[in-house]
Amino acid sequence: MSPLEPELKDDVEEIIETIIYLYTESRRLTKELARRAQLTGPQLTVVKILESIDDLSLSELSERIRAQNSTVTGIIDRMEREGLVVRERSTEDRRVVKIRLTPKGADIAAAIPVEPMEMFRAALASLTKDEVRDLLRILGKLSKKVKTIIKRDAAHPRGGAAEE
């Protein structure tokens, strides 16, 4: 990895601290809201997503919460046992099973005042169109670089990080 230019070091540290702050606050709020609703954090996320979208397939839901299908299956199994969601075959494609909130799940979703992502949406809405586009471009570039580093490190687990 190339060394950081000295004049960027403080800025990079501030960016890292900001990312950690945003992540930590998001998790803290999710856990607190979930606790009040007697849900887990992932269950809260599912309830709020289904509240706004109505129904989704397992793979669509997995993609939205950035989790593997097997993980989401376990979450949905527990939520189904608790009467929060139901699985229904799609009328368009019988191979597809849609997940939707039950009235009990919808009531819980409606009682939760804010979903953590709403904080980010509200904050992002305060930016100009150009700022949003710049942020998206920069975050995309950062995400791509992180994925590259993860793949590289997975390919060289013992040898440490290879030079780029």
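The values are calculated or read from the model by the stated rules, or taken from the named source; none is laboratory data. Owing to the predicted nature of the structure, the values given are computational and were not obtained by experimental measurement. In this analysis, Cβ positions are derived from the backbone assuming ideal geometry, glycine residues included, and neighbour counts consider all displayed protein chains.
A compact table of results
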read-out: Conditions (1) closer than 24 Å to LEU22 by Cβ; (2) in contact with a Lys or Arg (Cβ under 9 Å, 6 or more places away or on another chain); (3) in the same structural domain as LEU22 (by TED's automatic domain parsing); number of the one not met by ASP55; value: (1)
read-out: Test result for SER62, in a helix (DSSP H, G or I), touching a helix residue (DSSP H, G or I) at 6+ places or on another chain (Cβ under 6 Å) and either surrounded by 10 or more Cβ atoms within 10 Å (Cβ to Cβ) or polar (S, T, N, Q) (or both); value: yes
read-out: Search result, residues across segment 50-96 that are closer than 22 Å to ILE112 by Cβ and in contact with an Asp or Glu (Cβ under 8 Å, 6 or more places away or on another chain); value: ASP55, VAL86
read-out: Criterion violated by LEU84 - all others in (1) at pLDDT below 90; (2) buried (at least 17 other Cβ atoms within 10 Å of the Cβ) satisfied; value: (1)
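One line per residue, one yes/no per condition, for (1) touching a strand residue (DSSP E or B) at 6+ places or on another chain (Cβ under 9 Å); (2) assigned to a helix (DSSP H, G or I); (3) of a type in the set (Val, Ile, Thr); (4) without any contact (Cβ under 8 Å) to a residue 40 or more places away in the chain:
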site	(1), (2), (3), (4)
LYS9	no, yes, no, yes
VAL12	no, yes, yes, yes
TYR21	no, yes, no, yes
ARG28	no, yes, no, yes
ALA34	no, yes, no, yes
VAL47	yes, yes, yes, no
LEU50	yes, yes, no, no
